[in-house]
1. If r is the Cβ-Cβ distance from residue A:19 to residue B:212 and R0 is 60 Å, what FRET efficiency results, to the nearest 0.05?
2. Taking only Cα atoms, what is the 0 to 90° angle, nearest 10, from helix B:184-197's long axis to the longest principal axis of chain B?
3. For chain A, modelled as a GNM with alpha-carbon contacts under 10 angstrom, which of A:73, A:303, A:345 fluctuates the most?
4. Taking the dipole about the Cα centre of chain B, with the C-beta of Lys and Arg at +1 and of Asp and Glu at -1, give me whichever of B:164, B:281, B:125 is farthest to the positive side.
5. Would you compute, from DSSP H runs of 4+ residues alone, the mean residue ellipticity of chain A at 222 nm, taking -39500 (n - 2.57) per run and dividing by the full residue count, rounded to the nearest 500?
6. Name the residues of the range B:266-283 whose accessible area falls by at least 40 Å² when all protein chains are present instead of the chain alone, probe 1.4 Å?
7. If I measure Cβ to Cβ between cysteines in chain B, which ones have no partner under 4.7 Å?
8. For chain A, give me every cysteine whose Cβ has no other Cys Cβ within less than 4.7 Å, ordered by residue number.
Amino acid sequence: MAKNENIVHDEYVAHGFKDAEKNPENLLVVKNLYKYFPIKSQFFKRTIGNVKAVDGVSFKIKRGTTMGLVGESGCGKSTVGRTILRLEQKTKGEVFFNGTEIFSLSKSELRKMRPKIQIIFQDPYSSLSPRLPIGEIIAEGVKEHKIVPADEVDDYVTRIMHACGLQEYHKDRYPHEFSGGQRQRICIARALALNPDFILCDEPVSALDVSIQAQVINLLRDLQKQFNLTYLFISHDLSVVEHISDTVGVMYLGNLVEYSDTDKVFAKPLHPYTKALFSAIPVPDPDYKMDRIILEGSIPSPSNPPSGCKFHTRCKECMEVCKYCQPDFMEVEPDHFCACHLYNSAERNAEFAAIVKEEKAKEAAQKAEEK
Amino acid sequence: MSASKKKKDANYISGKESRAISKFNRKLTKRLEKDRADANKDPALYTTRMRDPNNVVEFDNVCTYFFTDIGTVKAVDGVSFDIPKCSTVGVVGESGCGKSVTSLSLMQLLQRPQGQTAGGEIRFNIGNGEALNIVNTPTAKMQEIRGNHISMIFQEPMTSLNPVFRIGAQIDEVIKLHNPDMSKDDVKKRTLEMIELVGIADGESIYKRYPHELSGGMRQRIMIAIALACSPGLIIADEPTTALDVTIQAQILDLLRDLKDKINSSIMLITHDLGVVASMADYVVVMYAGRVVEKGTAEDIFHHPCHPYTIGLMRSKPVVGKKVDSLYNIPGSVPNPVDMPNYCYFRDRCEMRDECKGMCDGKYPPEIKINDTHVVSCYRFFETGEVLGYPKPVDVEELYHGKK
């Protein structure tokens with residue numbers, strides 16, 4: 001484990017994101033974010049290991065755009081989202097929202113910040129209180145944060161509900177009286193009512209039917225234009241992500257492996273994992289011959305990830321260097337970031353070769369000692 | 001406010017009415033249940049002949065109703081389609097359209113006594129030109145069929161494996177049940193073979209593990225191993241990949257395709273993912289509100305969709321590589337299942353209504369044959385196609401007063 005950490009080069013990992021938070025165009029900048037969940041031993045509650053849910057993630061989102069975050073389940077997409085919202089404490093790294101570091105805020109400052117960052121959850125069935133009528137669910141946050149004067153709350157809620165395609169008479173109803181699509185509209189209205197700049201959408205359509213999905217996606221896009229919202233859209237459905245987002249980040253086992261504009265990533269994926277992922281998307285055309293790259297095995301455990309590049313155990317183009325060194329998250333083409341040794345510069349390759357040699361020598365020495 | 005009040009009134013049932021409905025349901029379902037429990041029934045009552053011996057299953061006007069306290073829910077109402085030997089049939093539709101209930105009717109695994117197959121025939125080919133009508137087959141006989149001739153892969157591998165038994169024991173159970181003469185060692189050997197067949201190396205160690213120790217994809221492989229343990233003639237896969245990631249989904253679909261050819265069986269694939277259907281199925285059946293609206297080969301459905309619902313469904317799904325500004329969404333919602341209209345169920349949401357020239361205000365449209373393989377239920381083709389016949393729902397009152 002320790003050996004692995006030595007080979008990480010932080011300055012390279014966040015390369016290309018220097019001073020990104022000072023640009024007012026970037027609403028959210030995440031630099032080198034780490035989130036480890038400790039594993040406690042049964043007795044004494046000592047920490048015996050870490051689940052590395054997020055292991056060095058950097059990206060930025062421009063105002064009024066949507067970033068899609070894709071990856072297999074268990075790769076840490078949702079943890080990234082929750083940490084950005086400060087629903088989880090970070091282990092390391094920085095998150096800038098509107099130029100301010102979120103983790104440096106005091107409790108009262110954070111409270112002021114809260115209405116600006118909102119979340120829509122995956123399951124509209126469990127994220128609404130069954131005991132409150134819809135009107136109160138939406139008004140609760142508005143009253144709490146005093147978004148509008150107390151006597152205007154009712155009108156304000158009605159306006160927000162109209163914007164989300166809900167009728168005024170829905171106010172007195174309870175969540176169980178609504179269908180899945182309608183409930184997701186309520187969740188969107190609840191988030192929108194606080195007049196946010198940024199909404200984190202954590203798989204908002206994966207629990208819905210195809211035709212309802214289209215309604216909710218269209219609603220999200222309309223609202224974005226109307227209120228100039230910024231979204232981080234987490235999903236494992238690649239076709240939905242391609243449709244809605246301007247930039248895409250692909251995650252694998254806690255690392256962002258590729259990050260760029262949607263068109264660039266989908267037209268010309270660089271990382272072998274992204275290539276495999278995209279080749280597995282089923283296309284609704286019976287004549288389409290899939291040129292599929294089948295990944296062997298399944299995602300390794302995040303508590304004990306493979307050394308070097310985490311994808312090397314399943315990668316078709318695995319090289320010697322991949323087994324020892326973690327690749328840099330570098331700008332391969334302008335605004336196209338990728339973490340893969342295939343795109344190293346010659347100098348970097350020489351540096352890595354030296355590390356590999358050293359590591360191999362160490363290993364050989366260890367073996368000799370054992371003998 | 002007035003709109004909400006009106007809606008409330010439409011669904012309102014007085015206590016008296018509710019009691020009457022329950023009494024009616026109790027009497028009816030009791031009789032149907034008694035009929036099914038009769039193990040010594042004359043086999044002539046439930047054996048028939050296949051219309052075409054090359055089919056594994058023929059659904060013929062199947063009507064599966066749920067007799068609930070608020071009225072009869074016609075979950076499946078006059079569904080007919082065939083599953084040919086060694087082919088894959090995809091059943092597509094939104095949730096609640098009756099695709100799962102169709103498969104459960106075939107397995108006789110409906111929530112009983114409320115859920116009953118009230119009419120129609122499900123003919124299952126058992127070889128030698130003989131067929132069973134599953135609708136009338138007694139439960140005892142059904143148990144020989146389930147798992148042995150027809151088996152099912154469920155949606156959620158976590159909830160459908162028993163968490164307190166080892167993987168090995170759960171596969172053994174199926175083999176032992178259907179081959180009582182097999183020795184213990186042979187059963188284990190067969191189990192290990194099955195584990196290997198679904199692409200899991202190191203069978204011995206998996207044999208001794210518990211379901212929670214495996215990943216989602218592995219669990220789904222185990223479910224497939226259980227389903228294939230007795231080399232069934234038909235595998236029903238009920239949303240087999242919905243809970244899985246794209247890369248694992250690709251692995252599982254490839255596996256299913258290979259295994260189907262290896263043991264010469266057919267697959268009935270139930271899903272709402274059009275992409276999965278396109279890559280797997282030879283024939284596609286599109287269902288809406290308990291009825292088949294369109295059926296045909298995959299080619300017919302994907303390249304020449306004819307029913308407005310199918311067209312809407314295709315357009316509402318974003319496709320990688322095809323950029324559109326905004327997705328199409330089908331307006332409105334599915335009609336109330338307790339109180340279905342008399343006219344075409346899709347009429348109120350249809351955007352091609354004018355083309356029907358008012359015919360869809362009348363009777364529910366018949367099945368219309370457009371070409372040899374393609375059948376659609378829409379009045380737009382009433383004049384050009386060959387009319388095959390209207391769906392025949394069962395009259396519940398008549399069933400109650402009955403022949404007995």
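The values are calculated or read from the model by the stated rules, or taken from the named source; none is laboratory data. Because the structure is a prediction, the values reported are computed rather than measured. Cβ sites come from the backbone with ideal geometry, for glycine too, and all protein chains shown count toward neighbours. All accessible areas refer to the heavy atoms of the entire protein, side chains included, with ligands and DNA or RNA removed. Shrake-Rupley method; radii C 1.70, N 1.55, O 1.52, S 1.80 Å.
1. The value I calculate is 0.80.
2. 60
3. Largest GNM mean-square fluctuation: A:345.
4. The residue sitting most towards the positive pole is B:164.
5. That calculation yields -10000 deg cm²/dmol at 222 nm.
6. Hits at the 40 Å² cut-off: B:272, B:275, B:278.
7. Unpaired cysteines in chain B: B:63, B:86, B:97, B:230, B:306, B:350, B:378.
8. Cys with no partner Cβ under 4.7 Å: A:75, A:164, A:187, A:201, A:325, A:338, A:340.
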